[in-house]
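Below: the structure, in structure tokens.
The values are calculated or read from the model by the stated rules, or taken from the named source; none is laboratory data. Just so it is clear, the structure is predicted and the values come from calculations on it, not from any experiment. Cβ coordinates were reconstructed from backbone atoms using ideal geometry, including for glycine residues, and neighbour counts include every protein chain displayed.
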Amino acid sequence: MKRTLGVCYYPEHWPEDMWARDAAQMVETGLSWVRIGEFAWSRMEPQPGQFDWGWLDRAIDVLGGAGLQVILGTPTATPPRWMADKHPDMFAFDDQGRPRGFGSRRHYCFSHDAYREESRRITRLMAERYGKNPHVAAWQTDNEYDCHDTAISYSPHARAAFQDWCAQRYQSTDALNRAWGNVFWSMDYDRFDQIELPNLTVTEPNPAHVLAFRRFSSDQVVRFNRVQCDEIRAYSAAPIIHNFMGRITAFDHYDVGADLDISSWDSYPMGFLLDRMGATDEEKARYLRQGDPDFQAFHHDLYRATSRGRWWIMEQQPGPVNWAPWNPAPLPGMPRLWAWEAFAHGAETVCYFRWRQAPFAQEQMHAGLLQPNSDPAPALDEAAQVAREMGQLGDVGTATARVALVFDYDSAYAWEAQPQGADFDYFQLVFDCYKALRRKGLSVDVVPKTVDAAAYGLVFAPGLLTVPDYRGAGHVVLGPRAGSKTEEFSIPDGGAPDIQGLDLHVPFVETLPPFAPIPVQGGGAIQKWRDQLEGAGAIFQTASGAAAVRQGNLTYLGGWPDELFWARIIDDVTALVDIETTDLPRDLRLRDTDTHRFYFNYGPHPVDFAGQTIDPAGVYWEPLK
């Protein structure tokens, strides 16, 4: 499949006589796609039932006539002021019971039935009008579900919908009380309408209650998205996309992706480094202008799995952003590197955000490919360079890796409901494993826990709430905390871990503060979490017992490994299944495609490797032998 570049554009922000010049310059730069429309509801429908489609008709004609393919976004992330007046109770509530307000974006509650129907209506009208338009080659639903923590709402509408969800799931309050263990602290319910949302409790709420609410909240996002997909498909055969974000666990992306043709995500490496990934000060300083070496790649591999292999970058950072605590400029070459890394991980299209920097409102400090006065910004030349290189290199394909890493949203909900340790974070546990695999030069497929594990020689599945039957698969690395609860968040009747094929008992667990790791004999340590392991097959030891055991095709980790212990584990299991590893320099990462091996230097200095000197922000590729 041909790889392409695109850009996000807002024709409603600019005089109409600029559109044709912008479109011609986009094509000249080597761009093929342009996304429009996703925030323009007030321009499409200025008043209830009063429509102005003319400007959008002309914008699509101008852009398409220049040779660009249009991605048309539904505008439901920004309901206009009149919508808030019509439905004053449509706003989400935060966990302190306070309603959100108008004046920004994403100001709706997923459980508000009337707003969902308003969203269905505007989506249907757009699909009817543009579904057969030859220039509209793809659709985007809404924009960035859960941006600004908006997927989980504690509104009265959410409470009523959650009560109904519980009634459908459990059928009786007796069954719900048993499942949640409500005999504890006299939390039993007699009627479903007694059930409140798990916020504003005196102390921590019942974790089973929290887990159920998180599952419900995810289902509400899926339902909202499905409504739009159904309306679009009734009138258009063009693929449907949604743009996910980085480090979001508020809803199950696999479930949303099941209704999409293509998953995409919005990649802002430097903002993520400083805002949401828990990097150390040393890491922030080293990668300030590049972003973390593994964070983007992890999401490339994750979102590739959410829609059966088809995925895009819908928004790629081109320069300084506006929303992080600090907003430095990228090292020259990084917008090119980020695009090539996405292509190496299988992206079909990379779209830069945005074409021209806005001179007004909240994002006026967010760089684009052009400055507000239309002068080129630094990333414009880099986008053009990528386009030229793509023409020279051709399609590099998307290889299936030999190593898989399971990421499971349900497990994330569970451990967020009751972490037991202040720094136990499921996302971070899986991401630490991913980083360790990448430092060993391995290409990785991130997969759901329902994956056919036999398709891979080696599968890592740390921290799963419940564990599928992995017997007969390739080698599987589990733990810590895996199989330690039931689906309803109670300890299994037979004790933990409840894992088929593993004769192992954990009589107790402990969480470890940052200053008290447990050394592993031979090097490395267990940190944050420790399972006391009782069972045969110890392969790593601490002074007080096994750090990991192996039985058959299963290896179980008795704690959260530090960087050195991860490296030892990977060396051990890859040797067992005959997968070759390479100890990469700190800042260098690689990815194998069907045809080439790509190297990416995220460091601030040149790196000598594989007979090449790779400059900072440098990309090098070589044919696979």
(message) Kindly evaluate residue 130 against the criterion of being touching a Leu at 6+ places or on another chain (Cβ under 8 Å) and modelled with pLDDT of 95 or more.
(response) yes
(request) Tell me, yes or no, whether the range 322-332 has at least one residue that is touching a Gly at 6+ places or on another chain (Cβ under 7 Å), assigned to a strand (DSSP E or B) and either under 30 Å from residue 25 (Cα atoms) or not assigned by TED's automatic domain parsing to the domain that holds residue 368 (or both). (result) no
(message) Among the listed residues 285, 279, identify the single one that is surrounded by fewer than 23 Cβ atoms within 10 Å (Cβ to Cβ), assigned to a loop (DSSP other than H, G, I, E, B) and out of contact with any Cys (no Cβ under 7 Å at 6 or more places or on another chain).
(response) 279
(request) Taking residue 162 as meeting all but one of (1) of a type outside the set (Val, Ile, Thr); (2) assigned to a loop (DSSP other than H, G, I, E, B); (3) not assigned by TED's automatic domain parsing to the domain that holds residue 68, write down the number of the exception. (result) (2)
(message) Of all residues being of a type in the set (S, T, N, Q) and in contact with a Lys or Arg (Cβ under 9 Å, 6 or more places away or on another chain) in the range 374-417, which is surrounded by the most Cβ atoms within 10 Å (Cβ to Cβ)? Just the residue, please.
(response) 411
(message) Just to be sure I understand, how many residues within the range 482-507 are under 16 Å from residue 546 (Cβ atoms) and of a type outside the set (Val, Ile, Thr)?
(response) 8
(request) Among what's in the range 178-219 and is in contact with an Asp or Glu (Cβ under 7 Å, 6 or more places away or on another chain) and in a loop (DSSP other than H, G, I, E, B), pick the residue that is nearest to residue 250 (Cα to Cα). (result) 199
(request) Considering each of 16, 38 in turn, give the residue that is in contact (Cβ under 8 Å) with a residue 24 or more places away in the chain, surrounded by 13 or more Cβ atoms within 10 Å (Cβ to Cβ) and among the acidic types (Asp, Glu). (result) 38
(request) Would you point out the residue of the range 340-373, among those that are acidic (Asp, Glu) and surrounded by fewer than 24 Cβ atoms within 10 Å (Cβ to Cβ), that is farthest from residue 103 (Cα to Cα)? (result) 348
(message) Against the condition surrounded by fewer than 16 Cβ atoms within 10 Å (Cβ to Cβ), among the small types (Gly, Ala, Ser) and either in the same structural domain as residue 460 (by TED's automatic domain parsing) or farther than 20 Å from residue 573 by Cβ (or both), how does residue 538 come out, does it pass?
(response) yes
(request) Mind telling me which of the residues 604, 561, 623 ends up being at pLDDT below 95 and within 17 Å of residue 294 (Cβ to Cβ)? (result) 604
(request) Could you please give the count of residues in the range 15-42 that are farther than 30 Å from residue 340 by Cβ, of a type in the set (A, V, I, L, M, F, W, C) and part of a loop (DSSP other than H, G, I, E, B)? (result) 1
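Applying the selection to the range 227-263, what residues are assigned to a strand (DSSP E or B) and either touching a residue at least 60 places away in the same chain (Cβ under 8 Å) or touching a Pro at 6+ places or on another chain (Cβ under 8 Å) (or both)? Give the derivation first.
First, the residues of the range 227-263 that are assigned to a strand (DSSP E or B): 240-244, 262-263.
Passing the criteria: 240, 241, 242, 243, 244, 262.
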(request) Please work out if residue 598 is surrounded by 15 or more Cβ atoms within 10 Å (Cβ to Cβ) and assigned to a strand (DSSP E or B). (result) yes
(request) Go through the range 336-376 and give me each residue that's over 25 Å from residue 401 (Cα atoms), over 20 Å from the mean Cα position of the chain (by Cα) and not in a loop (DSSP other than H, G, I, E, B). (result) 356, 370, 376
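Listed residues 489, 515, 508; which is over 24 Å from residue 472 (Cβ atoms) and surrounded by 14 or more Cβ atoms within 10 Å (Cβ to Cβ)?
Testing whether each residue is over 24 Å from residue 472 (Cβ atoms) and surrounded by 14 or more Cβ atoms within 10 Å (Cβ to Cβ) leaves just 489.
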(request) For residues that are more than 30 Å from residue 1 (Cα to Cα) and assigned to a loop (DSSP other than H, G, I, E, B), tally how many sit in the range 394-440. (result) 8
(message) Can you confirm whether residue 173 is closer than 24 Å to residue 261 by Cβ and hydroxyl-bearing (Ser, Thr, Tyr)?
(response) no
(message) Please verify whether residue 580 is under 30 Å from residue 346 (Cβ atoms) and more than 28 Å from the chain's Cα centre (by Cα), treating the condition exactly as stated.
(response) yes
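Take the residues in the range 315-329 that are of a type in the set (S, T, N, Q) and surrounded by fewer than 23 Cβ atoms within 10 Å (Cβ to Cβ), then tell me which one is farthest from residue 265 (Cα to Cα).
Of everything passing the filter in the range 315-329, 327 is farthest from residue 265 (Cα to Cα).
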